[in-house]
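Enquirer: The structure under discussion is supplied below as structure tokens; questions concerning it will follow.
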Amino acid sequence: MLKKLRDTFKQRHDILLTKKTKEYYKGLNNKDLVELIIAFPNTSENLSKFCLDLLIQREKNQDLEFEIAKGLEMCYQTKSDKIKVFEYLVKEKNILRSSIYQYAKEFMVKRYFDYYLNGSHWNSKNQILKSSILTELEIQQCAKIAMSDYKKHVEDSLRNIEMYT
């Protein structure tokens, strides 16, 4: 199964993609490519495979590893069928499981921070986010870290307002 998947993704799917389209997608950063792969419907299979091929060709660095971990987590949380694509990327780019774990924690803290920043308040009754990598306790710890970061952000903002008034 994995060999068949690998062979499918290694093939170049240049059919139906114009030169202008290819150049546009080659110019996108890793974050945009990952978001597009998640967002593509199944009808854009050629474009999805082309973007996947671009990610495979990209140099392995922290940004790429973080975006792949983010894609893996987003697909798990939305129950997307694209999770296999990101699992394939993890294997293809030889990303260590410990790195994926660390990036998943960073991503979860960022999601909760954004959640608080948008005016929401988390308590023990709220449904916590799901993760394919982190345990429920680790997710709650991420929420607490994000809460303390948010409180610091608010205090810094208030301090700046007092300085200018």
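Enquirer: At a 1.4 Å probe radius, carbon and sulfur cover how many percent of the accessible area of the stretch 20-96? It would help to have the intermediate numbers written out before the result.
Expert: Details: 1970 of 3990 Å².
Solvent-exposed carbon and sulfur of the stretch 20-96 make up 49 percent of the total.
Enquirer: Could you pull out the trypsin sites (Lys or Arg not before Pro) across the stretch 19-111 that fall in loop regions by DSSP (anything but H, G, I, E, B) with no more than 10 other Cβ atoms inside 10 Å?
Expert: Details: sites: 19, 20, 22, 26, 31, 49, 58, 60, 70, 79, 82, 84, 91, 93, 97, 105, 110, 111; in loops: 58, 60, 79, 82, 93.
Of the trypsin sites (Lys or Arg not before Pro), the ones in loops of the stretch 19-111 whose Cβ has at most 10 other Cβ atoms within 10 Å are 79.
Enquirer: How would the stretch 43-114 be classified by its alpha-carbon gyration tensor: rounded, prolate or oblate, with rounded meaning a/c under 1.5 and the a/b versus b/c comparison settling the rest?
Expert: On the way: a/c = 1.95, a/b = 1.28, b/c = 1.52.
It comes out oblate by the Cα gyration axes.
Enquirer: From the phi of every residue in the stretch 74-81, what ³J(HN,Hα) in whole Hz does the Karplus formula 6.51 cos²θ - 1.76 cosθ + 1.60 yield, where θ is phi - 60° and glycine or proline is x?
Expert: 5, 5, 5, 5, 9, 6, 7, 7
Enquirer: Per-residue HN-Hα couplings for the stretch 31-36, Karplus 6.51 cos²θ - 1.76 cosθ + 1.60 at θ = phi - 60°, whole Hz, x for Gly and Pro?
Expert: Ordered by residue, 3J(HN,Hα) equals 4, 5, 4, 5, 4, 5 Hz.
Enquirer: A further question follows. Per residue, how much accessible area does the stretch 20-96 have with a 1.4 Å probe, in Å²?
Expert: Numbers: 3990 Å² over 77 residues.
On a per-residue basis, the stretch 20-96 sits at 52 Å².
Enquirer: For a 25 Å ceiling on Cα separation, which of these pairs sit above it: 22/110; 31/105; 20/79; 26/79; 79/105? Don't skip to the end; give the middle numbers.
Expert: On the way: 22/110 32 Å; 31/105 17 Å; 20/79 33 Å; 26/79 28 Å; 79/105 19 Å.
In this structure, 22/110; 20/79; 26/79 exceed 25 Å between Cα atoms.
The values are calculated or read from the model by the stated rules, or taken from the named source; none is laboratory data. Since we're looking at a predicted model, the values are computed, not measured. As a convention, Cβ positions derive from the backbone with ideal geometry for all residues, glycine included, and neighbour counts pool all protein chains shown. Surface areas here come from the heavy atoms of the whole protein model, side chains and all, with no ligands, DNA or RNA. Shrake-Rupley method; radii C 1.70, N 1.55, O 1.52, S 1.80 Å.
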